[in-house]
Amino acid sequence: MAKLQVAIDLLTTKDALELAGKVAPYIDIIELGTPLIKSEGLAVITAMKQAFPDKLVFADFKTADAGELEADMAFKAGADYITILGATGNATIEGAVKAAKAHGRAVVVDTIGVADRVKRAQEVTALGVEFVELHAGLDEQAQPGYSIQVLIDEAARAGVPVSIAGGVNVKTIAAVKQSGVVVAVAGAAIYGAADPAAAAKELREALDAA
């Protein structure tokens, strides 16, 4: 069963906790976005894990160097997952995986900025990461002609555990699941909705029914 992840790209701990409280019944993984962590620091990770101990907390560090050190920081703060950039060197990813093993947690490699996401996903899976996020960032999504179908096709070809982030909504989530993902990541479709709880519930039902 594919998990549903909410990406919280808000800027305060208060707003993030409020949103998480509304959508928690429908999601499996709470992602603290990079801007949120930069704004609030490690404390937001601890606050989220304390508030929702039964949820997996995903710290979107997008680490590019000092993998073991930054992963250790995230895990000590309460994160279950940390993201390392796939565009960085293998040594950084290997360092993060070492820290993950020490804490009983996991590393996710984010492919934002990677030219060949499928190839890199296959390479880094061999390094011991939990799954690979096939990710089209906000800037890529804003480009003319962008379609999530690119990520869906890549997921179907990857042959390794992947998630998709970059345009997951109620219209696309069935195709996302059918591509074989282990996690579907929804951001603006939830936090940008007039009623985030209703949006999360609708996504959960569509994901489970697909």
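For segment 157-198: of the residues being assigned to a loop (DSSP other than H, G, I, E, B) and touching a residue at least 40 places away in the same chain (Cβ under 8 Å), which is nearest to Val107 (Cα to Cα)? By that ranking, first place goes to Val182. Figure legend. Inter-residue proximity from segment 80-107: first residues farther than 21 Å from Asp28 by Cβ, second residues of a type in the set (Lys, Arg), beta-carbon distance below 7 Å, spacing 6+ or different chains. Indicated pairs: Leu85/Lys62; Gly86/Arg120. Scanning segment 125-140 for residues that are crowded, with 21+ Cβ neighbours inside 10 Å, more than 12 Å from the chain's Cα centre (by Cα) and under 21 Å from Asp9 (Cβ atoms) turns up nothing. Filtering segment 45-54 to residues that are under 23 Å from Ala184 (Cβ atoms) and crowded, with 18+ Cβ neighbours inside 10 Å leaves Ile45, Met48, Lys49.
If you go through segment 92-104 one residue at a time, do you hit one that is not basic (Lys, Arg) and not in a helix (DSSP H, G or I)? Yes, segment 92-104 contains at least one residue that is not basic (Lys, Arg) and not in a helix (DSSP H, G or I).
Within segment 141-173, the set of residues being aliphatic (A, V, I, L, M) and under 24 Å from Asp9 (Cβ atoms) comprises Ala142, Ile148, Val150, Leu151, Ile152, Ala155, Val162, Ile164, Ala165, Val168, Val170, Ile173. Taking segment 124-148 as the range and being part of a helix (DSSP H, G or I) and of a type in the set (A, V, I, L, M, F, W, C) as the test, the residues that pass are Val124, Leu138. Taking residues in segment 1-24 that are part of a strand (DSSP E or B), and partners anywhere that are among the basic types (Lys, Arg) and modelled with pLDDT of 95 or more, the pairs with Cβ atoms closer than 9 Å and at least 6 places apart or on different chains are Leu4/Arg204.
You will find that of Glu133, Glu154, Glu205, Glu140, the residue that is of a type outside the set (Phe, Trp, Tyr) and at pLDDT below 95 is Glu140 and no other.
Among what's in segment 168-188 and is more than 22 Å from Leu32 (Cβ to Cβ) and β-branched (Val, Ile, Thr), pick the residue that is surrounded by the most Cβ atoms within 10 Å (Cβ to Cβ). Reasoning before the result, please.
The initial filter retains those residues of segment 168-188 that are more than 22 Å from Leu32 (Cβ to Cβ), namely 170-172, 174-175, 177-180.
The next check asks that each one be β-branched (Val, Ile, Thr); those that pass are 170, 172.
Numbers: Val170: 15, Thr172: 21.
If we take residues in segment 168-188 being more than 22 Å from Leu32 (Cβ to Cβ) and β-branched (Val, Ile, Thr), then Thr172 is surrounded by the most Cβ atoms within 10 Å (Cβ to Cβ).
The values are calculated or read from the model by the stated rules, or taken from the named source; none is laboratory data. A quick note: this is a predicted structure, and the numbers were derived from the prediction, not measured. With ideal geometry, Cβ positions are generated from the backbone for all residues, glycine too; neighbour counts draw on all protein chains shown.
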